[in-house]
Amino acid sequence: MSKSEFGQDLKLNVNSDNSGNFVTDLVISRTGDLETVQDRDNVIQAIHNRLATSRGELAELGHPEYGSVLDTVIGEPNTSDTHRVIESLVRDCLADEPRIKNILNIYVRAKKNELSTVEIFVYLKLRGDPAHLELVLPFYLEGKL
């Protein structure tokens with residue numbers, strides 16, 4: 001798979017509202033056009049979207065298996081046992097992403113000075129890309145991804 005085959009999608013901007021919930025908006029350029037994201041950046045956005053979407057959330061749109069079950073650990077303590085569960089859930093979720101050749105490593109650690117936040121470190125290889133991809137994703141045990 002060549003880099004150009006990593007696809008293109010509409011670019012999304014994720015922000016939190018006053019209640020701490022995430023709101024996803026399309027990104028509009030200065031000219032008023034919808035911006036797009038391509039290649040590796042598209043894969044990165046797709047990985048985040050897959051992890052941030054609860055499995056079954058898109059069932060009505062014909063994608064009942066899309067997403068993760070990370071929401072099952074919301075409310076759990078920030079411990080090494082919970083970290084191992086998160087690692088496993090992320091690995092299972094990313095196994096469904098066809099652009100990923102293999103997952104090199106996933107590890108989770110508590111974020112310093114934030115008791116209910118962990119950082120998920122993902123190291124992987126994409127199909128047709130000799131470089132590896134490193135991602136650091138926050139996960140909020142009180143309910144935000």
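The values are calculated or read from the model by the stated rules, or taken from the named source; none is laboratory data. Note that this is a predicted model, so its numbers are computed, not measured. Please note: Cβ atoms are built from the backbone with ideal geometry, for glycine as well, and neighbour counts cover all protein chains shown.
Worth pointing out:
- Contacts under 6 angstrom Cβ, first residue in segment 30-57 being at positive phi, partner in a helix (DSSP H, G or I), 6 or more apart: D39/K3; D39/F6
- Segment 116-142, residues that are closer than 16 Å to V85 by Cα and not acidic (D, E): S116, T117, V118, I120, F121, V122, L137, P138, F139, Y140, L141
- Only residues that are in a loop (DSSP other than H, G, I, E, B) and of a type in the set (D, E) were counted across segment 48-60, and they come to 1.
- Number of positions in segment 117-132 that are closer than 14 Å to L70 by Cα and either more than 17 Å from the chain's Cα centre (by Cα) or hydrophobic (A, V, I, L, M, F, W, C) (or both): 2
- Among the residues of segment 110-141, those identified as in a loop (DSSP other than H, G, I, E, B) and surrounded by 13 or more Cβ atoms within 10 Å (Cβ to Cβ) are K111, E114, S116, R127, G128, D129, L141.
- Residue count, segment 61-108 (criterion: part of a helix (DSSP H, G or I), surrounded by fewer than 14 Cβ atoms within 10 Å (Cβ to Cβ) and in contact (Cβ under 8 Å) with a residue 40 or more places away in the chain): 0
Condition check ((1) surrounded by 14 or more Cβ atoms within 10 Å (Cβ to Cβ); (2) at pLDDT 70 or above) across all residues:
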| residue | (1), (2) |
| --- | --- |
| F6 | yes, yes |
| S16 | no, no |
| V23 | no, no |
| T31 | no, yes |
| Q38 | yes, yes |
| V43 | yes, yes |
| A46 | yes, yes |
| L51 | yes, yes |
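- Residues within segment 114-132 that are more than 18 Å from S88 (Cα to Cα) and polar (S, T, N, Q), tallied: 1
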